[in-house]
Amino acid sequence: MTTGLLLVQILNGLQFGILLFLVAAGLTLVFGVMDFINLAHGVQYMLGAYLAVTFVALTGSFVLGLILALAAALAFGLALEFLVFRHLYERDHLDQVLATFGLILLLNQGVKIIWGAAPLSVPVPEFLSGNVALIDGILYPTYRFALIGAGLAVGLLLWFVVDRTRTGMLLRAGASNAPMVSALGVDIRKLFMIVFAFGTMLAGFAGAMAAPILSVEPGMGDTVLILAFVVIVIGGIGSIRGAFVAALIVGLVDTLGRSFMNDLLRLFMSAPSARATGAALSSMLIYLLMAVVLFLRPEGLLPSRGRT
Amino acid sequence: MTLKFTLSLGAGLLALGLATAQAQEPLKIGVVSVLTGPAAALGQQVRDGFQLAVDQNGGKLGGVPVQITIIDDELKPDVAVGKVRSFVEGGKVDFVVGPVFSNILGAIAKPVLDSGAILISPNAGPSTMAGKACHQNFFVTSYQNDQVHEVLGKYAQDQNYKKAYIIAPNYQAGKDSLAGFKRYFKGEVLDEVYVPLTSLDFSAELAKIASAKPDVVFAFLPGGLGVNFVKQWSQAGLTGKVPFLSAFTVDESTLPAQQDAAVGMFGGMTWAPNMDNPQTKKFVTAYEAAYKIVPGSYAQQAFDAAQLIDSAVKAAGGTGDKDKLRAAIKKADFTSLRGNFKFNTNGYPIQDFYLVKVAKRPDGKFQTEIAQKVFSDYADPHAKDCALK
C-alpha cells in the first residue's frame, strides 16, 4: 500500500459519495419537506437513465440528450404527482410505502416492456472521454471529475434555493408547520407539487449522469435506493447538508473498506480467511456505520432545523 | 324437445371427443426460464432459441406437434418449484427444458424427475448433478459450469502469465469460478477479490489493479456487474494495457451495453456466433431476423436442446417407450450448432472449448468470435462419481 494509492482511493471514495449525494438529495428533499416516504425515488432514478439512453441516441449529443431527459423526468414527476402522490399526502406512512412500492414494480416492468430486459448504456460524451494521469501512473477518467463537479453544483444550488430564496423559506416553513403556512395564504399544494417534481428531476439527473458509467437495466434503482436511504438516515432526514456530509462519509467508508480491509486483516490473519472476512466485513461497513449513528445520534449527524 | 336437444348435444360432444383422441397427442413441453428481473435478457434467449427451432420445424419436434408452456421462474427457487410442480402434476409432461440458473435447477430437478418427465438444462450445469446426484432422465446441452472458468485458467497458463489479479462476486458461484481458474493457472495470484453482488462502482478495485500491475486479469462478473466493470475499465484507461480474461462477463447479452469498451476482451465458451459451419450461419441469420439481437450461447444451447428432442422423438417413434427415448437422447444424433457434441455417461456433454474475443461487426453490432481452441473433447471430471453407465 502506497501513499499514492491511498490518495487515489480517497478520491474514489469522495467521487462515489458525490454520486450517492446526487441520488439522496431529491429523496431527502421530498422526505424532509413533505414528510413523504417515496420508495419510488429509485425507479425515478432508473427512468432518468433510460430517458438519457433514448434522448442521447436520438440527438447524438450528450448535453442535448441530458436536457431533454431532464425535461421528460420533470414532466413525468408532475404526472406522477397528479395521478398518485397528491392522494397520499394525508395518508400515513404505511400507505405511502405500499403505494410507492407498487410504483417500483410497475415501473420496473414498464421499462422492461418499452426498452427490453438487456442492459443498455450511454456513451461517455466525447469531450469528457479522456483520462487524467495521477500518481503512480494511475489514470483517472475525466468523466468522474465531471460527475464530482455536477454533484457539487447540485449541492450548491439546493443550498441556495432552500436557504436563500423566498421559495426556500416557504419550503422550510411548510416543513415545520404546513397548516400555518396554508393559513397565511400560501398554496401549499402547489408548493408540494413543485418540490415533488423537482425531486423527481433530481433523481432523473442522477440516473442520467450515472448512465455512462453504470449499466442501465431494469431494477438498477433498487440497490441505489437502499444506499440513498442509508445516506439520509445517517445525515439526518430532510437535511440537505446532512445528506451531503453523510454521502461523502458513506462513499469514503465503503471505498476504503473495500480497498484496504483485506490488507489490514492480513496483518493478523492468514490470507484466505482475511479474504473471506474482509469481503464480508467491507460490504457490511456502511450498515454498521448507520447502526452506530442511529445509536449515538438517532436524529442523524446534521438534522434539519425546525424538526424535532 | 329439451331432451332431444340434450341428447344431440351429448352425441355431438362425444363425436368431438373421439375426433381429438384420434388426432396425434401433442408433445407436452415446459420451458422454464427467467423472464422477470435483470436476468431476463438471458431467459428470453433461452425461450426464443427454443421457439425458433420449433418454428423452423413447422411447430413439430420429431414429427409430433408440440404444446409449449412457458414458465417464468422469476429467479426465485420457491416460486420456480411451485409453478413447476403444479405444471408437471397437471398432466402427462414429456419434457421440461430449463432453467438458466443452477440454484433454480436445484429446486425444480426433483419434482420434474419424480414426475417421470425428461429434464434438459439449456444452461445450468452444476457439479453436483454431474457427479453423485446424476439422474438417468437429466441431460445438459450447455457444459459443466466449472469448465468455462477453466478455459481461461488454461489459456493464462499457456500464455505463461506470471502474475494474475482475479475478481468475482462474493457468493458460491464466484468462489467456484476463481477455484476453476486456479485449477489450471499455476502462476502467482496477486490478489483474489470478492465484491458484493450489488456492486455499482469499481473504481476502488480498478485503482488497485492499476497499481498492482498484473500480467493478466481474470473476472467473473455476470450481468450488470460486468457491464459496470467493463465500462469503467475502459474509462480508467486499462484497455490494451492488461489482458482481460473473463467468464460470463462479456457475452451477447451484455455487449449491447458494453459496446466498444469490451472490444478485444476475452471470454471462454463452446460456441460463438461466427462459428464456421453452415448450421450456425443459418441459425444466427434466422435469430437476428426474428428477434433483432445477436444470439448468445444461451439461445444456441436452447436451440440445440430442441434439436435434441427432435432427433430423439423421431428415432424412438414418440415418447411412449421411455427406455427407447432415453437411448435415443444419449446418442445425441443431431447437428449441433457447435459441430462436435456427444454425451458423457452423466448426461453432460463432451465437447470442445474455445477462447472467444469480442469484436465489432461491419454492421456495427457486437459479438464474440472464436479466437482459439483451448480444450478438445473435454469431459468434466465429476462423471466418475456418477453411478450411471
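The values are calculated or read from the model by the stated rules, or taken from the named source; none is laboratory data. Values in this document were obtained by computation on a predicted structure and should not be read as measured data. Don't worry about glycine lacking a Cβ; one is built from the backbone with ideal geometry, like all the others, and counts go over all protein chains shown.
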Query - Filtered residues of the stretch A:94-128 (kept if out of contact with any strand residue (DSSP E or B) (no Cβ under 8 Å at 6 or more places or on another chain) and within 9 Å of chain B (Cβ to nearest Cβ)) - result: A:N108, A:Q109, A:K112, A:G116, A:A117, A:A118, A:P123
Query raised in the report: Which condition number in (1) within 14 Å of chain A (Cβ to nearest Cβ); (2) touching a Gly at 6+ places or on another chain (Cβ under 8 Å) is the one that B:D310 fails?
Result: (1)
Query raised in the report: Among the residues of the stretch B:230-246, which ones are more than 10 Å from chain A (Cβ to nearest Cβ) and either surrounded by fewer than 23 Cβ atoms within 10 Å (Cβ to Cβ) or of a type in the set (S, T, N, Q) (or both)?
Result: B:T239, B:G240, B:V242, B:P243, B:S246
Requested in this report: Inspect all residues belonging to the stretch B:19-34 and state whether any of them is β-branched (V, I, T) and modelled with pLDDT under 95.
Outcome: yes
Requested in this report: Mind listing whichever residues of the stretch A:237-262 are at pLDDT below 90 and either within 14 Å of chain B (Cβ to nearest Cβ) or not in a helix (DSSP H, G or I) (or both)?
Outcome: A:I237, A:G238, A:S239, A:R258, A:S259, A:F260, A:M261, A:N262
Query raised in the report: So A:M269 fits all but one of (1) of a type in the set (A, V, I, L, M); (2) farther than 21 Å from B:V193 by Cβ; (3) not in a helix (DSSP H, G or I); what number is the exception?
Result: (2)
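Please tell me if B:Y354 is of a type outside the set (A, V, I, L, M), in a helix (DSSP H, G or I), under 30 Å from B:G240 (Cβ atoms) and not assigned by TED's automatic domain parsing to the domain that holds B:A261.
For B:Y354, the condition - of a type outside the set (A, V, I, L, M), in a helix (DSSP H, G or I), under 30 Å from B:G240 (Cβ atoms) and not assigned by TED's automatic domain parsing to the domain that holds B:A261 - is not met.
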Report task. Tell me which residues, restricted to the stretch A:121-149, are of a type in the set (A, V, I, L, M, F, W, C) and surrounded by fewer than 21 Cβ atoms within 10 Å (Cβ to Cβ). Result -> A:F127, A:L128, A:V132, A:A133, A:L134, A:I135, A:L139, A:F145, A:A146, A:I148
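Do we find a residue being part of a loop (DSSP other than H, G, I, E, B) and out of contact with any helix residue (DSSP H, G or I) (no Cβ under 9 Å at 6 or more places or on another chain) anywhere in the stretch B:269-282?
Scanning the stretch B:269-282 turns up at least one residue that is part of a loop (DSSP other than H, G, I, E, B) and out of contact with any helix residue (DSSP H, G or I) (no Cβ under 9 Å at 6 or more places or on another chain).
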Query raised in the report: When you scan the stretch A:135-177, how many residues do you find that are of a type outside the set (D, E, K, R) and within 9 Å of another protein chain (Cβ to nearest Cβ)?
Result: 7
**Report entry** Candidate set: the stretch B:24-38, residues that are of a type outside the set (V, I, T) and under 17 Å from B:F50 (Cβ atoms); chosen: the one farthest from the chain's Cα centre (by Cα)
**Finding:** B:P26
Query raised in the report: Taking helices (runs of 4 or more DSSP H) that fall entirely within the stretch B:104-213, which contain at least 3 residues that are within 14 Å of chain A (Cβ to nearest Cβ) and on the phi < 0 side of the Ramachandran plot?
Result: B:172-184, B:203-212
Query - Positions within the stretch A:263-308 being farther than 27 Å from A:F244 by Cα and among the β-branched types (V, I, T), in sequence order - result: A:T277
Report summary line: How many residues of the stretch A:249-308 are among the hydroxyl-bearing types (S, T, Y) and under 20 Å from the mean Cα position of the chain (by Cα)? The answer is 4
Report task. Working carefully through the options B:S115, B:S121, find the one that is touching a Ser or Thr at 6+ places or on another chain (Cβ under 7 Å), outside the structural domain of B:A219 (by TED's automatic domain parsing) and small (G, A, S). Result -> B:S121
**Report entry** Residues of the stretch B:84-99 that turn out to be within 29 Å of B:S311 (Cβ to Cβ) and surrounded by fewer than 17 Cβ atoms within 10 Å (Cβ to Cβ), as a count
**Finding:** 4
Report task. Name the single residue, out of those in the stretch B:317-332 being modelled with pLDDT under 95 and part of a loop (DSSP other than H, G, I, E, B), that is surrounded by the fewest Cβ atoms within 10 Å (Cβ to Cβ). Result -> B:G320
Report summary line: In the stretch A:263-280, anything away from chain B (no Cβ under 11 Å) and of a type in the set (A, V, I, L, M, F, W, C) is listed as A:L264, A:L265, A:L267, A:F268, A:M269
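Does B:A207 qualify as being over 22 Å from B:D251 (Cα atoms), assigned by TED's automatic domain parsing to the domain that holds B:Q259 and either hydrophobic (A, V, I, L, M, F, W, C) or touching a Phe, Trp or Tyr at 6+ places or on another chain (Cβ under 7 Å) (or both)?
Yes: the conditions hold for B:A207.
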Report task. Please find, within the stretch B:219-236, the residue that is farthest from B:E288 (Cα to Cα) out of those that are in contact with a helix residue (DSSP H, G or I) (Cβ under 9 Å, 6 or more places away or on another chain) and either among the aliphatic types (A, V, I, L, M) or without any contact (Cβ under 8 Å) to a residue 12 or more places away in the chain (or both). Result -> B:A236
Report task. Look at the stretch A:52-103 and say how many of its residues are within 24 Å of A:G219 (Cβ to Cβ) and among the basic types (K, R). Result -> 0
Report task. State yes or no: is B:T249 buried (at least 24 other Cβ atoms within 10 Å of the Cβ), out of contact with any Asp or Glu (no Cβ under 6 Å at 6 or more places or on another chain) and within 28 Å of A:L225 (Cβ to Cβ)? Result -> yes
